Every structure is written in structure tokens, then in C-alpha cells.
Amino acid sequence: MPNYPDAAYCEIAPDWVCEVPSPSTRRIDPNEKRTIYAREGVAHLWFVDPDAQILEAFELRKGQWVLLATLCDDAPVSLPPFDAITFPLDALWA
């Protein structure tokens, strides 16, 4: 059985975060959360929008977000930190 921390939060930032926008916070989330994730040292950030069928992938470099790719439709996805595999983007909408 796994040993889970006895806390309401984690103190270690993940290497990767994937955000799916909600209709009510669609305009606010990307900018505000990017700032928080950068401050906390998250290395990779993906924004996946199922309505627009778009994936935007960012990498944190020297404290700044760098856009790695904007993919849509059935484009092949092979992006850090999962660049060892490739899958079609439209697999996320199925």
C-alpha cells in the first residue's frame, strides 16, 4: 500500500502540469496560472482545450515560459516531458 503524505497540499512542484480550461475561468487561467507555475518551478505546462481541439505546450527556461508548439486536429504529439512517445492529438477528443 502506498505511503501518502498526511497533508492537504504538496510541497514539491510537479515536473509537468496539464490544464483543461473551464468555461467560467477560460480567460483568467492561462496568465495567472502560468505565473504561479513558473514561480514554483514547474518545468512543463500544457494547455489542452477540447472545445477548440488545441494543445499548447510550454517549457520553463530561465524563469520564462517558451512556447514549444501549438498543435491542433490530429497532429502527432511528441513533446517534453513525454517526447519518448508519439500519439495523435485527436486521441484526446475520442
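Quick notes on this structure:
- Identity of the residue in the range 11-29, closer than 18 Å to P81 by Cβ and either basic (K, R) or over 11 Å from the mean Cα position of the chain (by Cα) (or both), that ends up surrounded by the fewest Cβ atoms within 10 Å (Cβ to Cβ): I12
Quick grid of which residues meet (1) acidic (D, E); (2) touching a residue at least 24 places away in the same chain (Cβ under 8 Å); (3) open to solvent by less than 30 Å² (accessible area, probe 1.4 Å); (4) not in a loop (DSSP other than H, G, I, E, B):
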position: L45; (1), (2), (3), (4): no, yes, yes, yes
position: V48; (1), (2), (3), (4): no, yes, yes, yes
position: A52; (1), (2), (3), (4): no, no, no, no
position: F58; (1), (2), (3), (4): no, yes, yes, yes
position: A69; (1), (2), (3), (4): no, no, yes, yes
position: D74; (1), (2), (3), (4): yes, no, no, no
position: L79; (1), (2), (3), (4): no, yes, yes, no
position: A84; (1), (2), (3), (4): no, no, no, no
position: A91; (1), (2), (3), (4): no, no, no, yes
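The values are calculated or read from the model by the stated rules, or taken from the named source; none is laboratory data. Keep in mind that this is a model prediction, so the values were computed, not measured. All Cβ positions, even for glycine, are placed from backbone atoms using ideal geometry, and neighbour counts span all protein chains on display. When the accessible area is computed, the model is the full protein with side chains, heavy atoms only, and any ligands, DNA or RNA have been set aside. Shrake-Rupley method; radii C 1.70, N 1.55, O 1.52, S 1.80 Å.
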